[in-house]
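The values are calculated or read from the model by the stated rules, or taken from the named source; none is laboratory data. Remember, predicted model here, so these are calculated numbers, not experimental data. Using ideal geometry, Cβ is built from the backbone for each residue, glycine included, and neighbour counts are taken over all protein chains shown. Heads up: the accessible areas ignore ligands, DNA and RNA and are worked out on the full protein's heavy atoms, side chains in. Shrake-Rupley method; radii C 1.70, N 1.55, O 1.52, S 1.80 Å.
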Protein chains: 2
Amino acid sequence: MKPAETSQIAVIGLGSMGLGVASTLLRAGRTVSGYDPVPEACAKFEEAGGRLATDPAAASRDASVVVIVVVTAAQTEAVLFGTDSHEGAVATMRRGGVVLSSATMAPDDVRRLAERCEAAGVDYLDAPMSGGMARAASGELTVMASGSPAAFALADPILAIMATTVYRLGDKPGIGASFKMVNQLLAGVHIAAACEAITFAKRLGLDINKVFEVITASAGNSWMFENRVPHVLKGDYSPASAVDIFVKDLGIVANMGLAAKFPTPVAASALQLFLMTSAAGMGRDDDASVARLFAQMTGLDLPGGAKAK
Amino acid sequence: MKPAETSQIAVIGLGSMGLGVASTLLRAGRTVSGYDPVPEACAKFEEAGGRLATDPAAASRDASVVVIVVVTAAQTEAVLFGTDSHEGAVATMRRGGVVLSSATMAPDDVRRLAERCEAAGVDYLDAPMSGGMARAASGELTVMASGSPAAFALADPILAIMATTVYRLGDKPGIGASFKMVNQLLAGVHIAAACEAITFAKRLGLDINKVFEVITASAGNSWMFENRVPHVLKGDYSPASAVDIFVKDLGIVANMGLAAKFPTPVAASALQLFLMTSAAGMGRDDDASVARLFAQMTGLDLPGGAKAK
């Protein structure tokens, strides 16, 4: 039997982010078992040298670290505790092992899932990631993590491979998620504002390439303006990050605000723009598609056209 | 009589920005006459070596470059064309001279003022500035300029002293103002969002100093988040830039949107927050006071307290 130091790793969820994480761990010489419901994702994982399993429970058998790279709290719950059709990862992984959970979700959901894991004898590291698929593939993610010292101790060697920046934000699950939600509030508002501003500029008759140049050197700049407006300038809405991600994340912010009686009017207006863009058929396109919504509404001629494919 | 090359300069408006511009020109060895209705501003200008005049017309007599550093279109119009009580700068400045107009205003107002100047034989450079009072004082402003080649030719030596970056955005007044309004839309939204997010973080029980550290290194960052949130962390709302500036500037964006039938829902929600903050008595305080509005509404304990002084 292997000693605990060479912990067995499972990665559940092999989409663009999860496949990047799994590939990075494989390149570092680790043995990685994995699962995803999508056959194409599974094929790429096997090509990279991963050991494919038939469900989350089989992938996690005897694993001391289970990395969950899915999108929602509901998906995370299904991976951890199973569904009608299959067992969950918690049932088969090593007692005293750690779940490294990366989905962006409400802190209350994190706390609930962490309690169930701990009751089953498994640690839970609240570890939302950011950086996108390129950084997942190169092992340069940023992780906003919180959890017990025991959870960190077991996860640290794996985090060191996956990420260049790991924020240790507290010793309780939920704190990492709270930081991530604050980031998502700002990121979502800045994308919506970037799309509103660049189409407004177009409506004013300005050269929007020049607007990009001037704004990125001015006080109106944001990380998202700089990152997303080039998609609008090129007319390329192939999804780096989809509209529906921000429908979800700003939806979580809205519900957190309702629960805490804390108004978030700017985030609320951005959420409505993502929702309108999704309703107009662009939910799975790049989140800069909010610019196409403005173009459709106002009859603007943007690069690549304003219509969803 | 002096040759045209050593053009005589007037600076009208000697507040924090105008005084900085005038002082920079004086340090560069230029003769500068000036006017401001506020006695304290005039005293500082004389201390710096400026020639104080009794009104805009007197300050501008025979000047070939008149730099107007006021806040609104109405103030600019009064400086240029006078009021019931005094003559304007256009009446006394040199024919063929140039007005360098820096107030942030609607492009339509710029076009109207420029036409009146040109009808009176004076060029108009649409030249909104950014950079704040520190950069005005050090001659490191950014100017988003548009105007005729003749206007640029006369203004260039002065711009070279005042600013480190001069964007030449087109040959018609109004283009510079349009660029500035796009910047102000984004800047205003980003300040409001920064205040919403940092108080939301506080409500979630997070260490807001740590939130600042994490967000400024993440995709949620903006120039304004990085610049304004330290005011909230220190509880220092002495005005670097006042709430009422964004009431004005996002008000202009709202009116431009109405005129063009172009919706700006995110900017509209930010405008309402600045308006609420101004209505709550904080209009002349720093624009990060939107955070105090959230704190007052929700009973949060922010550094320095949530009350306006």
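Within the option set B:91, B:73, being open to solvent by less than 60 Å² (accessible area, probe 1.4 Å) and touching a residue at least 12 places away in the same chain (Cβ under 8 Å) holds for one residue only, B:73.
Could you please let me know if residue B:172 is of a type in the set (D, E, K, R), in contact with a strand residue (DSSP E or B) (Cβ under 7 Å, 6 or more places away or on another chain) and outside any helix (DSSP H, G or I)? So residue B:172 passes the test.
From B:102, B:130, which residue is closer than 17 Å to residue B:148 by Cα and in contact (Cβ under 8 Å) with a residue 12 or more places away in the chain?
Values: B:130 fails: closer than 17 Å to residue B:148 by Cα.
None of the others qualify; the one that does is B:102.
Going through (1) surrounded by fewer than 15 Cβ atoms within 10 Å (Cβ to Cβ); (2) without any contact (Cβ under 8 Å) to a residue 60 or more places away in the chain; (3) over 29 Å from residue A:245 (Cα atoms) one by one, residue A:28 falls short only on (2). From the list A:227, A:221, A:255, the lone residue that is within 7 Å of chain B (Cβ to nearest Cβ) and not acidic (Asp, Glu) is A:221.
Tally time: how many residues in region A:165-183 are within 25 Å of residue A:31 (Cα to Cα) and in contact with a Leu (Cβ under 7 Å, 6 or more places away or on another chain)?
Residues of region A:165-183 that are within 25 Å of residue A:31 (Cα to Cα), as a first pass: A:165-166.
Filter again for in contact with a Leu (Cβ under 7 Å, 6 or more places away or on another chain), leaving A:166.
Selection size over region A:165-183: 1.
If I filter region B:300-309 down to residues being away from every other protein chain (no Cβ under 12 Å) and of a type outside the set (D, E, K, R), which single residue comes out as most open to solvent (accessible area, probe 1.4 Å)? Working first, answer last.
Filtering region B:300-309 down to residues away from every other protein chain (no Cβ under 12 Å) leaves B:301-309.
Checking which are of a type outside the set (D, E, K, R) leaves us with B:302-306, B:308.
Values: B:302: 7, B:303: 42, B:304: 73, B:305: 28, B:306: 19, B:308: 36 Å².
Among those residues, the one meeting the criterion is B:304.
For region A:141-161, the set of residues classified as open to solvent by 10 Å² or more (accessible area, probe 1.4 Å) and either assigned to a strand (DSSP E or B) or among the polar types (S, T, N, Q) (or both) consists of A:142, A:148, listed by residue number. Taking the numbered list (1) touching a helix residue (DSSP H, G or I) at 6+ places or on another chain (Cβ under 6 Å); (2) closer than 21 Å to residue A:240 by Cα; (3) crowded, with 18+ Cβ neighbours inside 10 Å in turn, residue A:133 passes all entries but (3). Would you mind telling me which numbered condition in (1) closer than 27 Å to residue B:274 by Cα; (2) in contact (Cβ under 8 Å) with a residue 12 or more places away in the chain residue A:307 fails? Result: residue A:307 passes all but (1).
The set of residues in region A:120-130 being open to solvent by 10 Å² or more (accessible area, probe 1.4 Å) and of a type in the set (Ser, Thr, Tyr) consists of A:130 alone.
Residues to consider are A:261, A:234, A:210, A:202; find the one that is away from chain B (no Cβ under 12 Å) and either closer than 27 Å to residue A:134 by Cα or more than 24 Å from the chain's Cα centre (by Cα) (or both).
Numbers: A:261 fails: away from chain B (no Cβ under 12 Å); A:210 fails: away from chain B (no Cβ under 12 Å); A:202 fails: away from chain B (no Cβ under 12 Å).
None of the other options fit; the residue is A:234.
A Cβ distance below 7 Å, combined with a sequence gap of six or more or placement on separate chains, defines the contacts here; from region A:2-13, residues that are farther than 13 Å from residue A:154 by Cβ and of a type outside the set (Val, Ile, Thr) reach residues that are at pLDDT 95 or above and part of a loop (DSSP other than H, G, I, E, B) in the pairs A:10/A:60; A:10/A:63; A:13/A:36; A:13/A:69; A:13/A:70. In this structure, residue B:297 qualifies as open to solvent by 50 Å² or more (accessible area, probe 1.4 Å), assigned to a helix (DSSP H, G or I) and within 11 Å of chain A (Cβ to nearest Cβ). Residues in region B:185-215 that are polar (S, T, N, Q) and within 23 Å of residue B:274 (Cα to Cα): B:199 only. Looking at B:276, B:256 in this structure, which one is modelled with pLDDT of 95 or more, over 20 Å from the mean Cα position of the chain (by Cα) and of a type in the set (A, V, I, L, M)? Going through B:276, B:256 in turn, just one is modelled with pLDDT of 95 or more, over 20 Å from the mean Cα position of the chain (by Cα) and of a type in the set (A, V, I, L, M): B:276.
Within region B:170-191, being over 18 Å from residue A:192 (Cα atoms) and open to solvent by less than 10 Å² (accessible area, probe 1.4 Å) holds for B:174, B:176, B:177, B:178, B:179.
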